[in-house]
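Novice: Okay, here's the structure, questions in a sec.
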Amino acid sequence: MATYLEINKKQVNEEKWEEPFYLNMGPQHPSTHGVLRLFLELEGETIVNCTPIIGYLHRGVEKLAETLNYNQTIVLSDRLDYIASAANNTAFALAFEKLMGLEVPRRAKLLRTIVCEMARICNHLLWLATHALDIGAMTVFLYCFRDREWLLNIYEKICGARLTHTYVRVGGVRQDFTQEIIDELYKFTEEFPSRIYDYETLIDVNRIWLKRTKGVAVVPAEDAINLGLTGPVLRGSGVPYDVRKFRPYDAYGEVEFIVPTGKNGDTYDRYRVRMEELRQSNRIIRQCLDKLPETQGEPVVAENAPDLLMPEKIRKPEPKPVPKKGVIFKGEEIPVVPPGEAFASIESPKGELAVYVVSDGSNKPWRLRVRTPSFVHISAIPYMAKNHLIADLIAIIGTLDIVLGDSDR
Amino acid sequence: MLEKLIYFLITAVILLVIALLHVAYLTYAERKIIARMQQRLGPNRVGPRGLLQPIADMLKLLTKEDLVPYGVDKPIFYIAPFISLVCAGTGVALIPLWEKFVISNINVGLLFILALSSLSAYGVILSGWASNSRYAFLGGLRASAQVISYEIAMSLALLSVVLMAGSLNLMDIVKAQINSPYKIYLIPQIIAFYVFIISAIAECNRVPFDLPEAETELVAGYFVEYSAMRFAIFYLAEYFGMVVMSALAVTCFLGGWVGPFEVPYVPFFWFLIKLYFLLFVYIWVRATLPRYRYDQLMGLGWKVLIPVGIINLFLTALLKLIF
Amino acid sequence: MEELLNELKEKFSSVIIEIQEKDYPTLICKRSGFLDLMKYLKEEKGFKYLIDLCGVDYLDYKYKNFEERFEVVYHLYNLDTKILLRLKVRIPEKDCWQYSVTPLWETANWFERECYDMFGINFKGHPNLKRILMPDDWEGHPLRKDYPVYLEEEQEWKTYKELKEKVKQQS
């Protein structure tokens, strides 16, 4: 491998050269949540400098999206943040709908909100499980996974897949909820608050937990906005920025919920913010379920959603000139989508996920740009890890809630 | 003379085998108990209810490839696990199991066990140094500092017991407990008991003090480069340490083999009950608590446990003076 | 929002070429004087949050009405007045550089590295302009339109080919 990190030798006195101690938390490590490489410069146990190196999971989503039509790129979006994939689908669908000027029916909006909030609960449960496991509490891990299994089974009834849903499509959703799903969701929302209470009794007032998380990686509000942190990380520092309230989309304008904010900006505040968000998500799902019977019988896809699936005529074999391998095949010249650009952003469980799409009139996007929260959060690790110990670094990675598929695309 | 030697050899071998079985089944018990606390089942495939799991583990580890990484310090690399095992396991010979049975009844039994636990720190340091790896090195450094600090707290706790009993001989300590309420030293020495249990957990590198071998941070710390049988020896050494420390706590604080009523034909019944209860406490703590950070761990040892131990020593001396 | 756009148009008439009203107000700017505009927006007008910074390649775009090849797009957000602005700067192919906004927003550090990695646009004033997603000795800039989606056998990454040779030799 090409080595590119200059090793700086500190000169102690003219004769003796001192080399600092380097430790490489390599791409394979039990607690870096994926293939993240952290190059640490240590002095004893204190971290002097930390360089994150990403790119081990780069799959070229943005380049591939230029070869697929709009409904097919939603499949690519599942694999970005593979823990809460309904949120990614929503971001893409919103951007494409803005581009095409579609109006989504109300029932589809409610269904989308329910699925997004379920994704938020799934993500926060996994975050709590892995964060607690890294700090050492093994039992919380299994309790959280027990509840996550419940939600994943409900997802399987909704759209057939547990992890990569592709349920939200351009113009609405794939199919309607059956009564069985609604009953299960009601049961879930009844019992979930007591489960949250279970997790809190294990770690919330535990002295060791408090010692490990209070005062670790404090980020003041100004620096947090400057570094581009969003989501629960920013709200832990006291800035109440939530895309669901500032630029409402889907059915978030109709439901009531509060946005929890922290005070100090340390790891413990971020933990409390996410635990409160679990409760608020539960509340939102309940409200949306109550509103569903009003919209009974409405369609779940917009009427003028363009049929971007394989049109019939392509199925017949046609003698077409075979393009040279590697040249981007630009698609038919059907003005399906008006040329222009659109920008949409949502509040994904990890932060702000924004999609910027440029279209050239054909059925494939010209440029699809995905701004993911994990990319920005990893770039903030050197700032947060200065003068902390290695044990704190693990807590920092846990509290930033990083997924490498999200960051490397 | 020859008879005594043969008797001694046979009892030693039998006790060793029983202790090894205990240690092996302790790993099984730990997995089962932690699993039940986490709402899952634990090993239940190998043998009826999973009871042959430790034997399966041992066979697997015996047949694995023994990797020796490049650039290690070969003699130290080979010897380090055995130092840990021997120092942890020799303590079994000194614990009195029932009134007439202890393999070696030396007059400085308690001091000998403390010395052995100090020696076991060598195994950790040497293995951390000899593996040519930064993670192992860091783990070894942390472990050595931790073991040395918590030994002082442990010795202070045990000194209070010695003051009350008036002897370092383990048999005499158990016999001297008859004068206390309920025939155990727990009531007058409750502070020393807690100090001892916490230091014992720290000595064996168990959660919440298991930073030297924290798997999520240091990828198994000081024995990361060991594979197959050598890893098994380190693993066994850790559980042996747990058993010896619990046995020591039972002897010094909980009254050894003394119980409310005599069980015929099984003179070590109460000893085993108390030992199993303490081992259960170890496992329970592992399932519940998160891990301490390194500087907080050292702070706890030096700033909290040692002063408490010293205060307890003074109080015990006062008690002995008055009564 | 109208007053803001009018004010900007008056003050920076030499930098701003055009203001379009799409889903969010879009300002198309020239490269020279761009940093002053950004500084004004951040410090005077309170656009403290840079949401996104990306590059777009317009080679052979059908509805193009300008001649430069690349465009760098910035999305700025004001948390108090909740205004989202989009700024675009056009970069020609021969003279492929742009001013870096890293001194103003720390987020731009990694965004600009990715833009350089994918398009080859240099950013003047960036502290550490290296490849971020692709390996360090990669040749070519993947998101350009003349870079193929699938590589031929001969165009594979050099380091990987060398590794394969080494393995073949050893076995």
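Laboratory data are not the source of any read-out in this text; all were calculated from the coordinates shown. Predicted, not measured: the structure shown is a model, and the values here were computed from it. Cβ atoms come from the backbone with ideal geometry, glycine included; neighbour counts cover every protein chain shown.
Novice: Under the Kirkwood approximation applied to all pairs of distinct alpha-carbon atoms, what is the hydrodynamic radius of region B:66-322 in Å?
Specialist: That comes to 18.9 Å for region B:66-322.
Novice: Give me the percent relative contact order of region A:29-160, please, defined on Cα pairs under 8 angstrom at least 6 residues apart.
Specialist: Relative CO of region A:29-160 lands at 13 percent.
Novice: If you find the alpha carbon centre of region A:150-202 and of region B:245-323, how far apart are they in angstrom?
Specialist: Rounded to whole Å, the Cα centres lie 48 Å apart.
Novice: Report relative contact order for chain C in percent, whole number only (criteria: Cα-Cα under 8 Å, sequence separation at least 6).
Specialist: 16
Novice: Taking each residue in A:136-144, count the Cβ atoms of any other chain within 10 Å of its Cβ, then average. What number comes out?
Specialist: Average per residue, whole number: 6.
Novice: Apply 1/(1 + (r/R0)^6) to the Cβ-Cβ distance of C:Asp137 and A:Glu43, taking R0 = 51 Å, and write down the FRET efficiency to the nearest 0.05.
Specialist: Result of the calculation: an efficiency of 0.95.
Novice: About the Cα centre of chain B, what is the dipole size in debye to 20, counting +1 per Lys and Arg Cβ and -1 per Asp and Glu Cβ, all else neutral?
Specialist: Taking the Cα centre of chain B as origin, the dipole is about 620 debye.
Novice: Now a separate question. Which residue fluctuates the most in chain B, going by a Gaussian network model with Cα springs under 10 Å, if the choices are B:Asp172, B:Asp295, B:Asp73?
Specialist: For chain B, modelled as a Gaussian network with Cα springs under 10 Å, the answer is B:Asp295.
Novice: Using modelled amide H (1.01 Å from N, peptide plane; none on Pro or chain starts), what sits under 5 Å from the amide H of A:Arg169, excluding residues fewer than 5 places away?
Specialist: Here A:Arg174 satisfy the definition.
Novice: Between A:Leu42, A:Leu94, A:Leu76, find the one with the highest GNM mean-square fluctuation for chain A; connect C-alpha pairs within less than 10 Å.
Specialist: Greatest mean-square fluctuation among the candidates belongs to A:Leu42.
Novice: So what's chain A giving for Cα Rg divided by 2.2 N^0.38 Å, two decimals?
Specialist: Computed over Cα atoms of chain A, the ratio equals 1.07.
Novice: Can you pull the one-decimal nm distance between simple spin-label points at B:Lys303 and B:Gln39, each 7 Å off the Cα toward Cβ?
Specialist: 3.8
Novice: Using unit Cβ charges (K, R positive; D, E negative) and no other charged atoms, how large, in debye to the nearest 20, is the dipole of chain C about its Cα centre?
Specialist: 180
Novice: Another question, if that's okay. Over chain B, what relative contact order in percent results from Cα pairs under 8 Å that are six or more residues apart?
Specialist: Here the relative contact order equals 23 percent.
Novice: Show the residues, 5+ positions off or on another chain, whose built amide H is closer than 5 Å to the amide H of B:Asp210.
Specialist: Residues meeting the criterion, in which the H sits 1.01 Å from N, are B:Tyr292.
Novice: Still on this structure, I have one more. Among the listed pairs C:Lys30/C:Lys82; A:Lys291/A:Lys350; C:Lys130/C:Lys161; C:Lys64/C:Lys94; A:Lys386/C:Lys45, which are separated by more than 20 Å between their Cα atoms?
Specialist: C:Lys30/C:Lys82; A:Lys291/A:Lys350; C:Lys130/C:Lys161; A:Lys386/C:Lys45
Novice: Of the DSSP beta bridges with both residues in region C:7-150, give the percent that are antiparallel, rounding to the nearest 5.
Specialist: The answer is about 75 percent antiparallel.
Novice: About the Cα centre, and with charges only on the beta carbon of Lys, Arg (+1) and Asp, Glu (-1), how big is the dipole of the protein assembly as shown? Nearest 20 debye, please.
Specialist: Magnitude of the dipole: close to 1440 debye.
Novice: Here's another thing I want to ask about it. Scan around A:Thr46 for amide H atoms under 5 Å from its own, H built in the peptide plane at 1.01 Å from N, and keep only partners 5 or more places away or cross-chain.
Specialist: Close amide H contacts, sequence-distant or interchain: none at all.
Novice: Please sort through the DSSP H helices of chain B and keep those with an alpha-carbon extent of at least 27 Å along the long axis and a Kyte-Doolittle average not below -0.5.
Specialist: Both cut-offs are met by B:2-37, B:109-130, B:134-165, B:228-253, B:269-288.
Novice: Applying the Karplus parametrisation 6.51 cos²θ - 1.76 cosθ + 1.60 with θ = phi - 60° to the phi angles of region A:232-247, what ³J(HN,Hα) value in whole Hz is obtained for each residue in order, glycine and proline being reported as x?
Specialist: With coefficients 6.51, -1.76 and 1.60, one gets x, 5, 6, 5, x, 8, x, 9, x, 8, 9, 5, 5, 9, 7, 9 Hz.
Novice: In addition: Short version: ³J(HN,Hα) in whole Hz for each residue of region C:131-148, in order, from phi by Karplus 6.51 cos²θ - 1.76 cosθ + 1.60 (θ = phi - 60°), x for Gly and Pro, what are they?
Specialist: So the Karplus estimates, Gly and Pro as x, are 5, 10, 8, 8, x, 5, 9, 6, 10, x, 10, x, 7, 5, 6, 8, 9, x Hz.
Novice: Longest exposed-loop-site-free stretch of chain B, with trypsin sites (Lys or Arg not before Pro), DSSP loop and at most 16 other Cβ within 10 Å?
Specialist: Here the longest segment lacking exposed loop sites spans B:101-323.
Novice: Considering the options A:Gly351, A:Val300, A:Ile390, tell which one lies farthest towards the positive end of the dipole of chain A, charges being +1 on Lys and Arg and -1 on Asp and Glu at the Cβ, about the Cα centre.
Specialist: Result: A:Val300.
Novice: Do any chymotrypsin sites (Phe, Trp or Tyr not before Pro) in region B:37-127 lie in a loop, going by DSSP, with at most 12 other beta-carbon atoms within 10 Å of their beta carbon, and if so which?
Specialist: Those satisfying the criteria are B:Tyr70.
Novice: Relative to the first principal axis of the alpha-carbon coordinates of chain C, what is the inclination of helix C:108-119, with its axis defined by its Cα atoms, in degrees from 0 to 90 and to the nearest 10?
Specialist: Orientation of helix C:108-119: about 50 degrees from the principal axis.
Novice: In region C:70-127, what GluC sites (Glu not before Pro) fall in a loop by DSSP, with at most 14 other Cβ atoms inside 10 Å?
Specialist: Hits after loop and neighbour filter: C:Glu93.
Novice: Are there DSSP H segments in chain A that both extend 15 Å or more along their axis (alpha-carbon positions) and score a mean Kyte-Doolittle hydropathy of at least -1.0? List them, or say none.
Specialist: A:85-100, A:106-135, A:138-159, A:179-203, A:390-400
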